[in-house]
């Protein structure tokens, strides 16, 4: 399932080719095995507030999100930039509902920070 996420305040695209990880095998594999992640690509893990970098081959930025009910909007709780591959310690965010994985450097390039609201493009 592809989808697009934009910053609500200015419509800047955060994710243009998103993969929604809802099925078991998609969640289990995640981005493992990917040799690169292009600008605009990424994966959203619903009901997930932590990640690991075990068996990953690329660095990523991780954005922890709080679902704003009932709309298709998410508040950014925390941004963890440039997480390196093959790290064993889990990275998480208390209170996060969902986790977004995007290419390393994307959060800084977009100026993405805690408190911002993301929404699906209409």
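Give the dimensionless ratio obtained when the Cα radius of gyration of the chain is divided by 2.2 N^0.38 Å. Against the empirical 2.2 N^0.38 Å value, I get 0.96 for the chain.
Note on residue 28 and residue 54: the model spin-label points, each 7 Å out from Cα along the C-beta direction, lie 1.4 nm apart. Among 78, 61, the order by Cβ neighbours within 10 angstrom, fewest to most, reads 78, 61. Peptide packing for 25-38, 47-60 was compared via the average number of neighbouring C-beta atoms within 10 Å per residue; ordered from the highest value, the list is 47-60, 25-38. With helices as the sole contributors, the chain gives -2000 deg cm²/dmol at 222 nm; each DSSP H run of n ≥ 4 counts as -39500 (n - 2.57), and the sum is divided by every residue. Modelled spin-label separation between residue 68 and residue 38, with each label point placed 7 Å from Cα along the Cα-to-Cβ direction: 3.0 nm.
Label positions at residue 82 and residue 8, each projected 7 Å from the Cα along the C-beta direction, are separated by 3.1 nm. Legend: ranking of residues 3, 45 from fewest to most surrounding C-beta atoms inside 10 Å; resulting order 3, 45.
Bear in mind that the values in this text are calculations on the coordinates, not laboratory data. From a predicted model like this one, the values you see are computed outputs, not experimental measurements. Please note: Cβ atoms are built from the backbone with ideal geometry, for glycine as well, and neighbour counts cover all protein chains shown.
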